[in-house]
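Trainee: Would you mind keeping the following structure in view while I ask a few things?
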Amino acid sequence: AMKYTALIKVEIVQCSDLRDADGFGKSDPYVKIRFEEEEAMPYKQKTYVIENELNPVWNESRFFLLTDECKTFKLSVFDQDIGRDDSLGHCTMLRAEPDERGNRNGGWYALEKGKDGRIEVYFTEVELRSGLAQVRNARQEAVVAAARERFDILEVTIHDGDNCRGGGMFGKPDPYAKIEFEDLKEDDMVFPSETLKTHTHKDTRDPVWECTFHYLVHPDVQTFTIKVMDEDIGLDDSLGHCRVLIGDLNEEKQQ
């Protein structure tokens, strides 16, 4: 699975002087934010539609987990229509340099192939490499802000295992742990959606992983499951599992 090392907040403020793509009335614009699929999670999101307006104001934010490989992302403005939506222009945003990513970057940008259209956008990043404890202390506002939008930020650290039984009649198990979200009402309630797992420790009953994972989760998600597995040729054997309750926003729990 990809290693997500940063969280970016993209603020879509407004557009001005958009092209009128409708024969009757005015355009019904929305903005689509898109990253390369292998560089962000989720890799695309969009704003809501504002009907009959060439100078729309959204003041909306969207959050994405990023890998180190991410260098750019694209903003595209569309006119919602019956059938195929018309393009009202686009622009490619450069990710800020590492020493500037904690600042609020952005401003007004001209829309390519958008005639006189412009878009106002800002973006801010928080570093996830050192964990959310450091982020909370340095940028409390950035963490709390996510809860006012569609997702909360969840950090899961799997420290170690103790007395893991398995490995068959000979030898000891080769354990790893994986995280699964079960019983979700919708497909897009957790990002990344793929199963994330630790590395495998060979021939031990007491593995030490110290692996940290980050997710964007819908506030309705209350639990996840950690499954400990014995890596084997063919089908991996289960060494047990536990259900974990997610705490309140900014609450740190350990078990």
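Trainee: Near residue 202, within a Cβ-to-Cβ distance under 10 Å, what is the net charge of the other residues, with Lys and Arg +1 and Asp and Glu -1?
Mentor: -2
Trainee: Please work out how much length the chain gains when fully extended from residue 163 to residue 237, using 0.36 nm per residue of separation minus the C-alpha to C-alpha distance, in nm with one decimal.
Mentor: 25.1 nm
Trainee: Moving on to the next point. Can you pick out the pairs among 9/197; 46/178; 32/253; 44/202 whose Cα atoms lie more than 29 Å from each other?
Mentor: 46/178; 32/253; 44/202
Trainee: Please compute the contact order of the range 190-255 in relative form: average sequence separation of alpha-carbon pairs under 8 Å and at least six residues apart, divided by the residue count, as a percent.
Mentor: Computed value for the range 190-255: 25 percent relative contact order.
Trainee: Another one. Stretched out fully, how many nm does the piece from residue 44 to residue 252 gain, at 0.36 nm a residue minus the Cα gap?
Mentor: 71.9 nm
Trainee: Assuming 0.36 nm per residue, please report the length gained on full extension of the stretch residue 208 to residue 51 beyond their Cα-Cα distance.
Mentor: Here the answer is 51.0 nm.
Trainee: Averaging sequence separations of C-alpha pairs under 8 Å and six or more residues apart, then dividing by the length of the chain, give the relative contact order as a whole percent.
Mentor: Taking the mean separation of contacting Cα pairs over the length of the chain, I get 17 percent.
Trainee: Taking the Cα centre of each part, how many Å lie between the range 188-211 and the range 21-57?
Mentor: Taking the Cα centre of the range 21-57 as reference, the centre of the range 188-211 is 37 Å away.
Trainee: Arrange the residues 111, 184, 54 by how much accessible surface each exposes, largest first, with a 1.4 angstrom probe.
Mentor: Descending order: 184, 54, 111.
Trainee: Return the carbon/sulfur percentage of the accessible area of the range 8-91, one whole number, probe 1.4 Å, all protein chains in place.
Mentor: It is 43 percent, rounded to a whole number.
Trainee: For the chain, what D do you get in µm² per second when you plug the Kirkwood radius from alpha-carbon pairs into Stokes-Einstein at 25 °C and 0.890 mPa s?
Mentor: Here the translational diffusion coefficient equals 120 µm²/s.
Trainee: Report the local net charge at residue 236: Lys and Arg +1, Asp and Glu -1, summed over other residues whose C-beta lies under 13 Å from its C-beta.
Mentor: Taking every other residue near residue 236 into account, the sum is -2.
Trainee: Obtain the nm distance between the two label points defined at residue 193 and residue 223 by a simple spin-label model: each point lies 7 Å from its Cα along the Cα-to-C-beta direction.
Mentor: Each label point is offset 7 Å from its Cα along the Cβ direction, giving 2.2 nm.
Trainee: Still on this structure: Per-residue counts of other Cβ atoms within 10 Å, averaged by peptide: what ranking do you get for 85-93, 45-53, highest first?
Mentor: Ranking, from highest mean packing down: 85-93, 45-53.
Trainee: Turning to a different aspect of this structure: Would you mind counting up the charge near residue 115? Only other residues with Cβ under 15 Å from its Cβ, with Lys and Arg at +1 and Asp and Glu at -1.
Mentor: With Lys, Arg at +1 and Asp, Glu at -1, the neighbours total -3.
Trainee: Let me ask something additional. Show that you can apply the helix-only estimate: for the chain, add -39,500 (n - 2.57) for every DSSP H stretch of four or more residues, divide by all residues, and state [θ] at 222 nm to the nearest 500.
Mentor: Value at 222 nm, helices only: -1500 deg cm²/dmol.
The values are calculated or read from the model by the stated rules, or taken from the named source; none is laboratory data. Here the structure is a predicted model, which means the values were calculated and not measured. Cβ coordinates were reconstructed from backbone atoms using ideal geometry, including for glycine residues, and neighbour counts include every protein chain displayed. When the accessible area is computed, the model is the full protein with side chains, heavy atoms only, and any ligands, DNA or RNA have been set aside. Shrake-Rupley method; radii C 1.70, N 1.55, O 1.52, S 1.80 Å.
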